[in-house]
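First up is the structure itself, then whatever we jot down about it.
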Amino acid sequence: MSLIKSISGIRGNIGGKVGNNLTPLDIVKFSLAYGRFIKENNPEAKIKIIIGRDSRISGEMVKNLVAASLNSLGIDVLDMGLASTPSVEMAVRSQKAQGGIIITASHNPQGWNALKLLNAEGEFLTKIEGEKILTLSEADDFNFSPEEKLGYYVLDAYLDLDHIKEILKLELVDKKIIEKHNFKIVVDGINSVGGMIVPSLLKELGVKNIIELNCEPSGRFAHKPEPLAENLLEICALVKAEKADLGIVVDPDVDRLAFIDENGEMFGEEYTLVAIADYILENFEDINKNYSGKYNKATVSNLSSSRALKDVSEKHQGTYEAATVGEVNVVEVMKKTKAIIGGEGNGGIIFPELHYGRDALVGIALFLSMIAQKRLKVSEFRKTLPEYFMVKDKMELTTNINLPDLLQKIKDDYKMEKVTDIDGVKIDWSDSWVHLRASNTEPIMRIYAEAKTLAEAEKKVSEIKSKISALIK
């Protein structure tokens, strides 16, 4: 399969031939292109880049290639070792670096790896910047440093603790009430970096009863990385057996978050953002005074996220806006609208008072504060939120499928409905929707549908897949 180059980074399977999959030569080429891009944008600065990785088996090899490539351009590298994506993003800012590279394929299965590229704000590069780096990578035009001007390499495996300290300073994170609530929590770290930093965060929040599941960062994932119900049978059973208050699940790089209620049932990854937004909007007037009024009572998610966020926003007399899929796109709309909370329905929380990046750790701290304050069980709180059912499906994109042509035909077939085409095709009805789009991270087309009943959502997906099959034939 080919390398996937998108706003979500440069990713592929490890091994194979150059230009297909993520080989050492491809890693070096893209690292050099990124280094040149950063140097050209900071001509007077001594460049420093932060790097960190998840626990994938290939991670150490990829890290060494990345670090050596940057050093060869005279760039200093500060390596966080095993570190979550949001921790690296935070470190770029705290260490006043000019950029960062996160070595992780996020929710992709074992065998994959990727380079996620950051700017000096610890945020993902824009589409235009990413395209510039791709152009540089193909030019093979690099000016390497002589021996006396090579960059330095430094390892600092404790910078992620600064991330936790900043979370504890947030006004809506209430350590005292969390400690008093005496939570019993099961954590599934999928044998990656979440198994290290999530228990550390919980201990700092005053949680004493932590049951660790798959928390050894071996890189041998205990289940499929996406935090979907069918992949989480083990933790669901353990939460119920241990009579825990809840379960916490993160993906391999800790930017996606899902909860399990006290009955061993999925809270729903789509509802992670909805729940935390409800808490923040409920307290908006009080906290925005301390934020000097720099935020609006506004929320943002992507087109594939639950309509429940819009409902919650309007319940609190706030506004909602949808962005195209991809963290950088959501952040762009959040900045434009001065939204106080945003993210994606895959369990990604973006709380700009901490930083503009998806962050499971801040999501955990805010969620526990909310549950403790409300003195509700997780299942009880879930019932207070708008009820929707979502079905997430996909189709492989083979070479014989002309996706733009296919989407145009779908759009024409539904021209009597409300159709949005800024990111694939989304068809809205009064109480349901269907969204079709090419994935940023895999060679597939994602097909999502949401409705007031599971049967209706499944029906929408079935209908659209039948229509697609007929059009392909």
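A few remarks follow.
- Nearest-10 value in Å² for the accessible area of PHE124, using the 1.4 Å probe: 20 Å²
- Amide H within-cut-off set for GLU216, under 5 Å, with H built and near neighbours excluded: ASN191
- Recomputing volume of the Cα convex hull per residue in Å³ from the coordinates shown identifies the correct label among (1) 172; (2) 140; (3) 265 as (2).
- Residue-averaged [θ]222 nm for the chain, counting only DSSP H segments that reach four residues, each worth -39500 (n - 2.57): -11500 deg cm²/dmol
- Pairs from the list LYS165/LYS310; LYS224/LYS460; LYS127/LYS335; LYS48/LYS149; LYS175/LYS289 with a Cα-Cα gap above 24 Å: LYS165/LYS310; LYS224/LYS460.
- Each of TYR414, TYR153, TYR158 has its accessible area taken with a 1.4 Å probe; listed largest first, they run TYR158, TYR153, TYR414.
- Partners for LYS297 among aspartates and glutamates (Cα-Cα distance below 14 Å; same-chain residues under 8 apart left out): ASP278, GLU282, GLU285, ASP286, ASP311, GLU314, GLU321, GLU353
- Anisotropy class of the range 373-457 from Cα gyration tensor, a/c 1.5 cut: prolate
- Karplus-derived 3J(HN,Hα) values for the range 105-120, using 6.51 cos²θ - 1.76 cosθ + 1.60 with θ = phi - 60°, are 9, 6, 7, 5, x, 4, x, 8, 7, 6, 10, 9, 9, 10, 8, 5 Hz; glycine and proline are entered as x.
- Kyte-Doolittle mean at least 0.0 and Cα axial length at least 24 Å: DSSP H helices in the chain: 24-41, 454-472
- Taking amide H positions as modeled 1.01 Å from N, with prolines and chain starts lacking one, the residues under 5 Å from TYR320 and 5 or more places away or on another chain are THR299.
- Multiplying the residue separation of LEU134 and THR420 by 0.36 nm and subtracting their alpha-carbon distance yields 100.1 nm.
- Applying D = kT/(6 pi eta Rh) to the range 209-320, where Rh is the Kirkwood radius over alpha-carbon pairs, T corresponds to 25 °C and eta to 0.890 mPa s, the Stokes-Einstein value obtained is 154 µm²/s.
- Listed by chain and number, the aspartates and glutamates whose C-alpha is less than 16 Å from the C-alpha of LYS409, apart from same-chain residues fewer than 8 away, are GLU417, ASP421, ASP423, GLU463.
- Our note on the geometry: Cα centres of the range 396-466 and the range 86-103, 36 Å apart.
- Cβ charges +1 (Lys, Arg) and -1 (Asp, Glu), total dipole of the range 14-76, debye: 60 debye
- If you sort TRP429, TRP112 by accessible surface, 1.4 Å probe, largest first, the order is TRP429, TRP112.
- For the residue pairs LYS96/LYS338; LYS203/LYS377; LYS132/LYS169; LYS180/LYS338; LYS116/LYS338, the C-alpha atoms sit more than 27 angstrom apart in LYS132/LYS169; LYS180/LYS338.
The values are calculated or read from the model by the stated rules, or taken from the named source; none is laboratory data. Nothing here was measured: the structure is a model prediction, and the numbers come from that model. Methodologically, a virtual Cβ is constructed for each residue, glycine included, from the backbone with ideal geometry; neighbour enumeration extends over all protein chains shown. Please note that ligands, DNA and RNA were not included when accessible areas were found on the heavy atoms of the full protein model with its side chains. Shrake-Rupley method; radii C 1.70, N 1.55, O 1.52, S 1.80 Å.
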